[in-house]
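Student: First the structure, then my questions, so here it is.
Since every read-out is calculated from the coordinates, none of them should be taken as a lab result. Source: prediction; values computed, not measured. Glycine also receives a Cβ, built like all others from the backbone with ideal geometry; neighbour counts cover every protein chain displayed.
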Amino acid sequence: MRAWQQLDPAVRSLTIIRPTVVIGPGNRGNVFNLLRQIKSGRFVMVGDGTNVKSMAYVDNVAAFFRHALGFDAGVHVYNYIDKPDLDMNELVSLVRRLLTNKDGVGLRLPLGLGLALGKLADLVTRATGRSLPISWIRVKKFTSTTSFASAAHQVPGFLAPVTLREGLDRTLHHEFVEPDPMAPVFFTE
């Protein structure tokens, strides 16, 4: 790609956009699985919940792609993240309040106990061949911080259409409050 741009650098524009975890209607990735667990009432918070997760709402990512079509010649590289990031306490509390009408994060396990249960689940999975909803790596990922920097929101002329919280609210309404069974679905990891 960069070689293509370098063939005519005064004219060609190469834009590389690297979005973080994208949320939105129809997305069936890890965040959707978390939202579904919280809605089910079977969710158990692990750790202190202060770990931060960077996310981006799909409509905002699409708006940035459209805006990038007007970039001048050159190479433009952006991480796309909607700020401010949410920590897990905020995320779980927001989702839980809207979907279950309950405050806070609910039942909480200390990190050490959560990791131990994850290891135990891994042993059960190996012994039975049956995959369980908990594993050591899932607990580790859930309790880790994945926060990234982004200059996308400082690009002149770009304004994200919605805040991350509004995007989360739209996603929850579309998926759980007023779901549309005919809506398209896509899978991400």
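Student: Taking K and R as +1 and D and E as -1, what net charge do the other residues with C-beta under 15 Å from the C-beta of THR50 add up to? All intermediate terms of the calculation are to be shown ahead of the outcome.
Tutor: Working: positive: LYS53, ARG108; negative: ASP48, ASP85, ASP87, GLU90.
Once positives and negatives cancel, what remains is -2.
Student: May I pose another question? Please get the size of the charge dipole for the chain, origin at its Cα centre, with Cβ charges of +1 on Lys and Arg and -1 on Asp and Glu, quoted in debye to the nearest 20. Walk me through the numbers on the way to the answer.
Tutor: Working: 22 positive and 16 negative charges, 154 e Å.
The dipole of the chain has a size of about 740 debye.
Student: Sticking with this structure for a sec: Considering only ALA62, SER13, THR143, whose Cα is most displaced toward the positive end of the charge dipole of segment 2-177, charges sitting on Cβ of Lys, Arg (+1) and Asp, Glu (-1)?
Tutor: THR143
Student: For helix 111-128, what angle does its Cα long axis make with the longest principal axis of the chain, in degrees from 0 to 90 and rounded to 10?
Tutor: 80
Student: Another one. Using only Cα atoms, find the angle between the long axis of helix 88-100 and the longest principal axis of the chain, and express it within 0 to 90 degrees, rounded to the nearest 10.
Tutor: It works out to around 70 degrees.
Student: Taking the Cβ of PHE142 as the centre, find all other residues whose Cβ is under 13 Å away and add up their charges (Lys, Arg: +1; Asp, Glu: -1). List each step's numbers first, then the result.
Tutor: Working: positive: LYS53, ARG108, ARG138, LYS140, LYS141; negative: ASP48, ASP87.
Once all neighbours under 13 Å are counted, the net charge is +3.
Student: Here is a further query. What number, rounded to the nearest 500 deg cm²/dmol, is the helix-based mean residue ellipticity at 222 nm of the chain, given -39500 (n - 2.57) per DSSP H run of at least four residues and division by all its residues?
Tutor: So the calculated ellipticity at 222 nm is -12000 deg cm²/dmol.
Student: Taking the alpha-carbon distance from LYS140 and a cut-off under 23 Å, which lysines remain once sequence neighbours fewer than 8 residues away in the same chain are dropped?
Tutor: LYS39, LYS53, LYS119
Student: Where does helix 58-68 land angle-wise versus the long Cα axis of the chain, in degrees 0 to 90, nearest 10?
Tutor: Orientation of helix 58-68: about 20 degrees from the principal axis.
Student: Now for a different question. Ratio to report: Rg/Rh of segment 2-177, with Cα atoms as the point set and Rh obtained by the Kirkwood method; give two decimals.
Tutor: Details: Rg = 19.5 Å, Rh = 18.2 Å.
A ratio of 1.07.
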